[in-house]
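Reviewing the structure listed below.
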Amino acid sequence: MTLQMCEEAAMAAIALQASRRRSETKPATALRPLDPDVVSAAIPAFFIGRNGAGLWVAREAHGRVGGLFLFKSSAVDFANRESAPDRCALVFPTETFELDVENRGNFLILVAESASRMLARALARLTS
């Protein structure tokens, strides 16, 4: 087996795992506005959590900015950079949620997601 075949098999396994995870998980949670009694409106706040594909999502509470990331630390760093020079409140929802604004995070995620969808379609055709 060549290195290219191994890489293709690994990508196919990742795509299959992601598609299974999406079908097994509950629908993504809709993010609600933060209670002003809990977090002051004067403090920038970001939701940090995972989406249905298992990627980390950082989204400003009012939907002004957000991004997708491979690592939790990258999502937290993004939130801190976007709220600089002030600090921000970080909210970690227990349910998955999807990024509903333009991805200003890791741009390679978009490429990986497209490749993942293409591989999933190819696998579906091969298995049917």
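The values are calculated or read from the model by the stated rules, or taken from the named source; none is laboratory data. Predicted model only: the values in this text are computed from it and were never measured. A quick note on method: Cβ atoms are made from the backbone with ideal geometry, for glycine too, and the neighbour counts reach across all protein chains shown.
Observations, loosely collected:
- Filter pass, A84 being out of contact with any strand residue (DSSP E or B) (no Cβ under 7 Å at 6 or more places or on another chain) and surrounded by fewer than 12 Cβ atoms within 10 Å (Cβ to Cβ): yes
- Filtering segment 106-128 to residues that are surrounded by fewer than 13 Cβ atoms within 10 Å (Cβ to Cβ) and either under 19 Å from G52 (Cβ atoms) or of a type outside the set (K, R) (or both) leaves F107, L108, L110, V111, S114, M118, R121, A124, L126, T127, S128.
- Candidates V57, V65, filtered to the one that is modelled with pLDDT of 90 or more, crowded, with 16+ Cβ neighbours inside 10 Å and in contact with a strand residue (DSSP E or B) (Cβ under 7 Å, 6 or more places away or on another chain): V57
- Filter result (touching a residue at least 24 places away in the same chain (Cβ under 8 Å), over 19 Å from V39 (Cα atoms) and part of a loop (DSSP other than H, G, I, E, B)) within segment 54-80: G54, L55, L70
- Some residue of segment 86-105 being part of a helix (DSSP H, G or I), under 15 Å from the mean Cα position of the chain (by Cα) and under 15 Å from A53 (Cα atoms): no
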